[in-house]
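Written below as structure tokens is the structure these notes are about.
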Amino acid sequence: MAANAVLKPVREAGWRSGFGNLLRKELGLWFGTSRWWKQAALWTLILNGVVVMIMLAMRSESPEGMPPMGPFMVAVEVFFKFAAIATAVGAVLSIQDAIIGERQSGTAAWILSKPVSRPSFVVTKFLAHAVGMTILAILLQTVIFVVQTWFWSDGSLPEALPLLQALGLLVMNILFYQSLCLMLSTFFHGRGAVTGTALGLLFAGQALPNFLPWTLKVMPWIISDLAPAAILKAQAPDWSWIPLTITALAIPVFLGVALWRFQREEL
Amino acid sequence: MVIETQGLSKSFKGVNALNGLDLRVPEHSIFGFLGPNGAGKSTTIKLLLGLIRPTAGTGRVFGLDIVQENVSIRKRVGYLAQDPRYYDHMTARETLRLTARFFYEGPAGAIEERVNETLDLVGLREKADRPIKGFSGGERQRLGIAQAQINYPDLLILDEPAASLDPMGRKDVLDIMERLRKHCTIFYSTHILEDVQRVSDTVAIMNKGQLVAQAPIGELLSGSGRTVYSITVKGDGAEARRTLEQQPWVSSVEATEEAGQTAHWQIAVTDDEAAEARLLRLVLSDEHCTVTEFGRRRYNLEEVFLGLVGGEQRGR
């Protein structure tokens with residue numbers, strides 16, 4: 001009973017009720033278990049593995065060695081183009097179950113029977129997945145990529161500011177798909193509908209602009225081109241600010257809708 | 001009152017699960033919330049906790065509105081669901097640690113001490129570090145009670161706490177409830193009438209989403225609205241019975257005969273005072289029979305329950 005004298009009631013109130021504890025729990029699922037190194041290894045294999053394979057293929061085709069800027073440009077193009085799509089797929093797959101799974105298993109009802117606000121429940125899931133994916137699938141992989149680019153291109157390194165711009169674009173891309181999935185999870189009760197809609201939207205970017213070019217101006221699909229372009233200082237279309245602004249605005253809008261809908265969820 | 005509802009209603013896709021519930025739960029009571037499956041018990045509990053929203057009516061817990069102030073309500077409530085679900089990858093200790101941190105902040109050691117104290121209360125200290133995945137139904141239920149009272153709640157809400165347990169498990173749960181009764185109000189739903197009769201002091205009976213009775217258990221068992229006396233007589237009681245039937249305060253006499261000239265009479269009366277003063281005297285004054293047993297009829301809860309909801313249930 002002595003412990004009870006030391007313990008104080010939590011001070012969080014209103015929409016922040018339960019926020020700190022839930023965020024600790026959600027981050028613990030990423031970094032407090034074996035998940036972090038499994039994810040790190042998986043993303044290294046997927047993103048940097050592709051670059052290694054292409055570099056090895058280029059080297060075998062040109063036995064005298066590669067021109068100094070050739071491999072650098074190729075590596076940047078491959079890595080950032082591929083990362084934009086692969087990390088978006090990863091973001092969708094990792095978060096699609098976050099709310100639906102807890103609703104179906106009954107743990108959401110258990111957690112929300114404690115002094116926890118519904119916004120805390122939704123926002124902590126978003127933040128933990130955003131942090132987990134950003135650190136393990138984007139930041140860590142970019143560090144490894146920079147090291148291997150230096151190796152393949154005999155000392156060429158991306159400049160800091162363009163690299164940060166490219167990273168910012170990749171992070172914004174995954175936040176878009178994560179917030180979209182969270183919003184869909186509050187409307188649909190099946191994982192298939194959430195995953196199918198989000199991935200359908202992602203892969204539509206590979207074909208739809210061929211028939212409806214204007215869609216490129218309102219969807220985040222151009223990020224996979226803009227990210228490598230930022231590092232290679234290539235010219236971006238002068239309208240590229242439009243899809244970027246829409247993507248940036250869509251994230252809080254999706255989250256807002258998710259919060260509004262989840263507030264009305266019957267558990 | 002700890003809980004007060006007025007006209008609380010809930011419908012799901014046009015089907016009424018709860019219809020105009022007026023409930024009053026006094027402080028420091030063990031309040032048994034009875035009803036058959038589908039009576040609206042779990043719906044009521046979820047409404048009180050803010051897990052679902054009412055279609056109509058209002059509810060207050062500790063004077064706080066169940067729609068607008070449910071987070072504040074949950075700070076003072078412990079809840080055990082009918083089919084409690086936790087994160088299976090966590091151990092009992094981790095589950096209680098997570099739960100405790102929703103209520104308390106302070107040094108990790110103090111949180112741990114609180115967790116250990118709770119584990120001891122429900123007898124789970126030995127299994128505290130095993131994943132919940134491998135827990136039996138009884139162990140899960142004990143963990144459920146532990147997590148429900150880790151915050152020393154002013155109100156403990158238990159939804160069918162003993163439903164899935166064997167007799168030993170049920171006894172354990174009822175013992176824990178009796179231990180906790182001095183610290184808080186306990187509001188629990190059940191359809192196990194024996195348990196209610198053992199531990200409850202106030203009872204509400206639900207049927208088809210409606211409240212059909214609410215009273216202290218003693219009042220409910222003494223006869224729902226009418227008083228009945230039970231008399232066993234030996235010998236020829238025909239004359240005495242006729243005399244009773246002629247009394248204006250006797251509404252009916254039901255008799256069952258036994259071998260050896262013994263009969264049991266159930267005498268329903270409309271005037272308690274007249275019955276107390278005269279009933280036994282009238283029978284004793286008849287020289288052809290002797291009274292071997294006499295008393296005011298006490299119902300058991302099953303009879304009261306079946307009287308209120310049983311007919312409709314059987315008729316389904």
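The values are calculated or read from the model by the stated rules, or taken from the named source; none is laboratory data. Predicted model only: the values in this text are computed from it and were never measured. FYI the Cβ positions are ideal-geometry reconstructions off the backbone, even for glycines, and counts take in every protein chain you see.
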### Task
Could you run through segment A:14-48 and say how many residues are of a type in the set (Gly, Ala, Ser), free of Cβ contacts under 8 Å to residues at least 12 places away in the same chain and either surrounded by 15 or more Cβ atoms within 10 Å (Cβ to Cβ) or assigned to a helix (DSSP H, G or I) (or both)?
3
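The rows are residues; the columns are (1) among the charged types (D, E, K, R); (2) assigned to a helix (DSSP H, G or I); (3) surrounded by fewer than 23 Cβ atoms within 10 Å (Cβ to Cβ); (4) more than 8 Å from chain A (Cβ to nearest Cβ).
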{"site": "B:Asp83", "(1), (2), (3), (4)": "yes, no, yes, no"}
{"site": "B:Tyr87", "(1), (2), (3), (4)": "no, no, yes, no"}
{"site": "B:Leu98", "(1), (2), (3), (4)": "no, yes, yes, no"}
{"site": "B:Ala110", "(1), (2), (3), (4)": "no, yes, yes, no"}
{"site": "B:Glu117", "(1), (2), (3), (4)": "yes, yes, yes, no"}
{"site": "B:Asp129", "(1), (2), (3), (4)": "yes, no, yes, yes"}
{"site": "B:Glu139", "(1), (2), (3), (4)": "yes, yes, yes, yes"}
{"site": "B:Gln147", "(1), (2), (3), (4)": "no, yes, no, yes"}
{"site": "B:Pro153", "(1), (2), (3), (4)": "no, no, yes, yes"}
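May I ask you to verify whether A:Ala236 is surrounded by 13 or more Cβ atoms within 10 Å (Cβ to Cβ) and either in contact (Cβ under 8 Å) with a residue 40 or more places away in the chain or touching a strand residue (DSSP E or B) at 6+ places or on another chain (Cβ under 7 Å) (or both)?
Values: surrounded by 13 or more Cβ atoms within 10 Å (Cβ to Cβ): yes; either in contact (Cβ under 8 Å) with a residue 40 or more places away in the chain or touching a strand residue (DSSP E or B) at 6+ places or on another chain (Cβ under 7 Å) (or both): no.
So A:Ala236 fails the test.
With the requirement that a residue be closer than 21 Å to B:Arg24 by Cβ and within 16 Å of the chain's Cα centre (by Cα), what does segment B:148-179 give you?
B:Leu155, B:Leu156, B:Ile157, B:Leu158, B:Asp159, B:Met177
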### Query
So which residues in segment A:104-153 are hydroxyl-bearing (Ser, Thr, Tyr), closer than 30 Å to A:Lys81 by Cα and touching a Phe, Trp or Tyr at 6+ places or on another chain (Cβ under 7 Å)?
A:Thr124, A:Thr149, A:Ser153
### Message
Suppose the filter is in a loop (DSSP other than H, G, I, E, B), over 26 Å from B:Val304 (Cβ atoms) and within 11 Å of chain A (Cβ to nearest Cβ); does B:Tyr79 pass it?
### Response
no
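Among the listed residues A:Leu208, A:Leu182, which satisfies the condition of being buried (at least 17 other Cβ atoms within 10 Å of the Cβ) and either in a helix (DSSP H, G or I) or at pLDDT 95 or above (or both)? Give the steps one after another, and end with the answer.
Working: A:Leu208 fails: buried (at least 17 other Cβ atoms within 10 Å of the Cβ).
So the residue among A:Leu208, A:Leu182 that is buried (at least 17 other Cβ atoms within 10 Å of the Cβ) and either in a helix (DSSP H, G or I) or at pLDDT 95 or above (or both) is A:Leu182.
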### Query
Taking only pairs six or more apart or across chains, which ones have beta-carbon atoms under 7 Å, a first residue in segment A:252-267 that is of a type in the set (Lys, Arg), and a second residue that is assigned to a helix (DSSP H, G or I)?
A:Arg261/A:Thr186; A:Arg261/A:Phe187
### Message
Can you tell me how many residues within segment A:98-124 are within 14 Å of another protein chain (Cβ to nearest Cβ) and part of a helix (DSSP H, G or I)?
### Response
16
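So, A:Ala83, is that one part of a helix (DSSP H, G or I), out of contact with any strand residue (DSSP E or B) (no Cβ under 8 Å at 6 or more places or on another chain), touching a residue at least 12 places away in the same chain (Cβ under 8 Å) and within 28 Å of A:Ser34 (Cα to Cα) or not?
Numbers: part of a helix (DSSP H, G or I): yes; out of contact with any strand residue (DSSP E or B) (no Cβ under 8 Å at 6 or more places or on another chain): yes; touching a residue at least 12 places away in the same chain (Cβ under 8 Å): yes; within 28 Å of A:Ser34 (Cα to Cα): yes.
Here the answer is yes, as A:Ala83 does meet what is asked.
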